[in-house]
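Visitor: Dumping the structure here so I can ask a few things about it.
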Amino acid sequence: MQGILQRWGAVGIGVLVRLLARLVTAARPVWQGIEPLPKQRIYYANHASHGDFVLIWMTLPPRLRAQTRPVAGADYWQTSAIRRFLIQDVFHAVLIDRRPEQRQDDPLEQMGKVLEDGDSLILFPEGTRNTGDTPLLPFKSGLYHLAKAYPQVELIPVWIDNLNRVLPKGEIVPVPLLCTVTYGAPLALEAGEDKAVFLARAERALLALSNSSDPSAREWTQ
Amino acid sequence: MMGNVMVPAGLVTLLGVIVGILVLASVTGYVLQRRFSPQGDNEVIENLNQRIHSWWIMAILMGVALLGGRTGVVLLFAFASFSALREFISLIPARRADHWTLALAFFVVLPVQYVFIWQQYYGMYSIFIPVYAFLLLPVISTLRGDSHGYLERVSEVQWALMICVFCVSHVPALLSLDIPGYEGRNVLLIAFLIVVVQLSDVLQYVWGKLLGRRKIAPNLSPSKTLEGFAGGVLSATLVGAVLAWMTPFSVLQAAVLALMIALLGFFGGLVMSAIKRDRGIKDWGHLIEGHGGFIDRLDSVVFSAPIFFHVVRYFWSAS
């Protein structure tokens, strides 16, 4: 009984989160490099706010959404029962421990298992929220290792625009502003490509999407 | 008293005519599509059908709101203001220091303005944004000590509020006018304004597509032509005269007011186009299929509503 309650509760909360996010951001997907087709993919995006994965999650069509799991930091989401319910039951996230010295599970193995089950991933290769002046923080190497181990999975750069203005770091009240989520063309690891070269190329592919969207957003500075 | 909302004579007739026009438009759109764009490859016809589809939704929402009386109309326009403000604020280069100013604009100024409108409190809704918001919001913006681009930032927030909240709220404000012999029928003044201004837009588009040759403002709005402007404004004036039966105006007065509304609507579209050009965008948003954003649909209403309100108030209102 409690299991059913929790499941339907999670579905209800999911609908509520999408409605709220729609009211605040009216987020719109721009399918620039791909079509929203049921292919296995790793969506990698810029990370400026805790709500980033919600925007990707809500702009995917329902069928794709059900098979796409965000990767989130356990240290943030495990700290309270509400956060745990949201991240596990509502968003079906893969929780990884970002502290190498303390963790028991290897994040790459956890993400690999999801891909082997046939699901897609939402990944933030910057590793943490970017609150500085640079558009992107240097990428962590996980994206490279996944690209190498799972060459059949498409890597899709996704630029989330304007969400950093909706709720800047340290603010409590969100300001409703239009956001766009731009999906770029797939990227693949080339034969013999070096880790640093590949990561730099992945960063450029993501940044290139930021220039194509709303020009006014770039005037925003901290 | 909630149970017996009075539906004024004329509103049902008008809504019936609008449904008739939309049915005709839908049939025309369907025939055009079958003949000229069976594969969906003619952009003009596809866009036309998207527009007609959105017109249905807007007409139904508007009809429900008008039948619902004051509360329905106030809620509908409060929502339109919210959506328009969201589009406008998304375009201005506000900085982090403005975060509280923007939050107040959305969550205090907008609701309070519409509460005054709902209360029909003329003394407050006509000065709240031009006086109180105008003076107090810049104070909030100084609190974080950031003076970079300060004048632009505060002016643009005030502009956003004037256009998207103050002006738009003058449509439901028409309900508070006290016109002798016209009691309980004010909702038809809203219908008159909306029908004239929107038909003027549609007719300018139609005349422009049929006869448009000479561009009237190529740098601001490349699709506007002299022929479209003249044909649209004149036919809208005629529509206004025909609608005189549902207003407190004579046929001549209705025609003059309709001419004024159509002209203001045209220039409203031009002003909002200039802002779009400046910011390098084509549409304000994407939420109304085929039309763009809320401001794309409201720009002509924004400019005509407050002036129509004050002209009617000056010449016809008892209070």
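Visitor: Kirkwood hydrodynamic radius of chain A from all distinct Cα pairs, in Å? Let's see the in-between values first.
Guide: Working: mean 1/r = 0.0555 Å⁻¹.
Taking every pair of different Cα atoms in chain A, averaging 1/r and inverting gives 18.0 Å.
Visitor: Same structure again: Suppose we keep just the DSSP beta bridges with both residues in chain A; what percent of those would be antiparallel, to 5? Each step should come with its number before you reach the end.
Guide: On the way: 5 of 23 bridges.
Once the DSSP bridges in chain A are tallied, antiparallel ones form about 20 percent.
Visitor: Let me know the whole percent of all Cα-Cα pairs from the stretch B:95-189 that are separated by more than 24 Å. Walk me through the numbers on the way to the answer.
Guide: Working: 1366 of 4465 pairs.
Tail fraction, whole percent: 31.
Visitor: Once whole DSSP H runs in chain B are found, which of them have Cα atoms spread over 15 Å or more along the helix axis and a mean Kyte-Doolittle score of at least -1.0? Spell out each step's value before the answer.
Guide: Values: long enough: B:11-36 (37 Å, 1.71); B:43-67 (36 Å, 0.83); B:69-91 (34 Å, 1.23); B:150-161 (17 Å, -0.02); B:187-211 (35 Å, 1.90); B:226-242 (24 Å, 1.51); B:251-279 (42 Å, 1.41); B:294-316 (31 Å, 0.90).
Length and hydropathy pass: B:11-36, B:43-67, B:69-91, B:150-161, B:187-211, B:226-242, B:251-279, B:294-316.
Visitor: Principal axis lengths of the protein assembly as shown from Cα atoms, whole Å, largest first?
Guide: If we take the Cα atoms of the protein assembly as shown, the spans are 83, 58, 55 Å.
Visitor: Along the charge dipole of the stretch B:233-319, Cβ charges K/R +1 and D/E -1, which of B:V312, B:T237, B:I288 sits furthest on the positive end?
Guide: Towards the positive end, the residue furthest out is B:V312.
Visitor: Ok, one more. Of the candidates B:S304, B:S147, B:S155, which one comes out as most mobile in a Gaussian network treatment of chain B with C-alpha springs shorter than 10 Å?
Guide: B:S147
Visitor: Another question about this same structure. Given the options A:L207, A:L37, A:L178, which has the most mean-square fluctuation in a GNM of chain A, springs set between C-alpha atoms less than 10 angstrom apart?
Guide: The residue that fluctuates most here is A:L37.
Visitor: Go through A:G127, A:V114, A:I34 and say which Cα lies farthest out towards the positive end of the charge dipole of the stretch A:1-153; charges sit on Cβ, +1 for Lys and Arg, -1 for Asp and Glu.
Guide: Selected residue: A:I34.
Visitor: Along Cα→Cβ, 7 Å out, is where each label goes; now give me the distance between the ones at B:L22 and B:I307 in nm to one decimal.
Guide: Once both label points are built, they end up 2.9 nm from each other.
Visitor: A further question follows. Only Lys, Arg, Asp and Glu count, each charged at its Cβ (+1, +1, -1, -1), so figure out the dipole size of the protein assembly as shown about its Cα centre, rounded to 20 debye.
Guide: Numbers: 45 positive and 40 negative charges, 120 e Å.
Dipole size: approximately 580 debye.
Visitor: Just to be sure I understand the model, the point goes 7 Å from the Cα along the line to the Cβ. What's the resulting A:I13 to A:R98 distance in nm?
Guide: Here the answer is 2.1 nm between the modelled labels.
Visitor: So which lysines pass the test for A:K39, namely a Cα distance under 21 Å, with those fewer than 8 places away in the same chain ruled out?
Guide: Counting by Cα, and skipping residues close in sequence, A:K39 has these lysines nearby: A:K113, A:K148.
Visitor: Using a 10 angstrom cutoff on alpha carbons, build the Gaussian network for chain A and name the most mobile of A:A26, A:A205, A:A81.
Guide: A:A81
Visitor: What full-extension length gain, to one decimal in nm, is calculated for B:Q120 and B:S319 as 0.36 nm per residue of separation minus the Cα-Cα distance? The partial results should precede the final answer.
Guide: On the way: separation 199, 0.36 × 199 = 71.64 nm, distance 1.23 nm.
Extra length available between B:Q120 and B:S319 comes to 70.4 nm.
Visitor: Let me spell out the model: positive unit charges on the Cβ of Lys and Arg, negative unit charges on the Cβ of Asp and Glu, origin at the Cα centre of the stretch A:1-215. What dipole size does that give, in debye rounded to 20? Mind showing how you got there, number by number?
Guide: Values: 23 positive and 22 negative charges, 113 e Å.
In total the dipole reaches around 540 debye.
Visitor: With +1 on each Lys and Arg Cβ and -1 on each Asp and Glu Cβ, and nothing else charged, work out how big the dipole of the stretch B:2-151 is about its Cα centre, in Debye to the nearest 20.
Guide: Numbers: 8 positive and 6 negative charges, 30 e Å.
In total the dipole reaches around 140 debye.
Visitor: Under the definition of partner shielding as Cβ atoms of other protein chains within 10 Å of a residue Cβ, what is the mean value for peptide B:84-96? Before the final figure, lay out the partial values.
Guide: Working: counts 0, 1, 8, 4, 0, 5, 14, 6, 3, 6, 6, 6, 9.
So the per-residue partner count for this stretch is 5.
Visitor: Please state the Cα pair-distance histogram of chain B with 10 angstrom bins from zero: what percent is in each bin?
Guide: 6, 25, 34, 24, 10, 2, 0
Visitor: At B:S250 and B:E152, where each label point lies 7 Å from the Cα along Cα→Cβ, what is the point-to-point distance in nanometres?
Guide: The answer from the label model is 5.3 nm.
Visitor: Projected onto the charge dipole of chain B (+1 at Lys/Arg Cβ, -1 at Asp/Glu Cβ, origin at the Cα centre), which of B:N219, B:L15, B:I89 gives the Cα projection farthest towards the positive end?
Guide: Of B:N219, B:L15, B:I89, it is B:N219.
Visitor: Something else now. Can you give the percent of C-alpha pairs in the stretch A:49-151 whose distance is more than 15 Å? Could you put the intermediate results ahead of the total?
Guide: Numbers: 3444 of 5253 pairs.
The share of Cα pairs beyond 15 Å in the stretch A:49-151 comes to 66 percent.
Visitor: I need the P(r) histogram for the stretch A:1-56: all alpha carbon pairs, bin width 10 Å from 0 out to the longest distance, whole percents.
Guide: 18, 36, 35, 10, 1
Bear in mind that the values in this text are calculations on the coordinates, not laboratory data. Being a predicted model, the structure only gives us computed values, none of them experimental. All Cβ positions, even for glycine, are placed from backbone atoms using ideal geometry, and neighbour counts span all protein chains on display.
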